[in-house]
1. Quick one: in region 7-20, which of the residues that are more than 20 Å from residue 39 (Cα to Cα) and touching a residue at least 12 places away in the same chain (Cβ under 8 Å) is nearest to the chain's Cα centre (by Cα)?
2. Does at least one position in region 72-81 carry a residue that is assigned to a loop (DSSP other than H, G, I, E, B), within 14 Å of the ligand (Cβ to nearest atom), exposed (fewer than 14 other Cβ atoms within 10 Å of the Cβ) and within 12 Å of the chain's Cα centre (by Cα)?
3. For residue 3, all conditions in the list (1) within 16 Å of the ligand (Cβ to nearest atom); (2) within 14 Å of residue 76 (Cα to Cα) hold save one; what is the number of the exception?
4. Mind listing just one residue for me: the one in region 38-60 that is more than 14 Å from the ligand (Cβ to nearest atom) and part of a loop (DSSP other than H, G, I, E, B) and, of those, surrounded by the fewest Cβ atoms within 10 Å (Cβ to Cβ)?
5. Is it true that some residue in region 20-33 is near the ligand (Cβ under 9 Å from one of its atoms) and over 16 Å from residue 79 (Cα atoms)?
6. Evaluate the following for residue 35: is it surrounded by 13 or more Cβ atoms within 10 Å (Cβ to Cβ) and in a strand (DSSP E or B)?
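Each reported figure results from applying straightforward, stated rules to the coordinates on display, with no laboratory input. Bear in mind the structure is a predicted one, so any value in this text is a computation, not a measurement. So basically every Cβ, Gly included, is an ideal-geometry build from the backbone, and we count neighbours across all protein chains shown.
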Ligand code: FES
């Protein structure tokens, strides 16, 4: 499950990136490249683990993830901007 602070809990769907799973629930998320280059989707990860489809090139802090190119490995809690 994906817990989104100040929003709701949504399911993570197999074969869908974190960004796609959130969008499926009609929650607006910032994005641009959708490939880990621009950093527009940068999101705080409060708990849990994610795995990247490929190494992300955009700069992120230690507590941030790029939802456009990762999948949850566990239940996670994120904070959308
Ligand atoms: S949309 Fe560009 S890094 Fe995620």
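1. Among those residues, the one meeting the criterion is 12.
2. Checked against the condition, which is being assigned to a loop (DSSP other than H, G, I, E, B), within 14 Å of the ligand (Cβ to nearest atom), exposed (fewer than 14 other Cβ atoms within 10 Å of the Cβ) and within 12 Å of the chain's Cα centre (by Cα), region 72-81 yields at least one hit.
3. For residue 3, the failing item is (1).
4. 49
5. Checking region 20-33: at least one residue is near the ligand (Cβ under 9 Å from one of its atoms) and over 16 Å from residue 79 (Cα atoms).
6. Taking the combined requirement at face value, the residue does not satisfy it.
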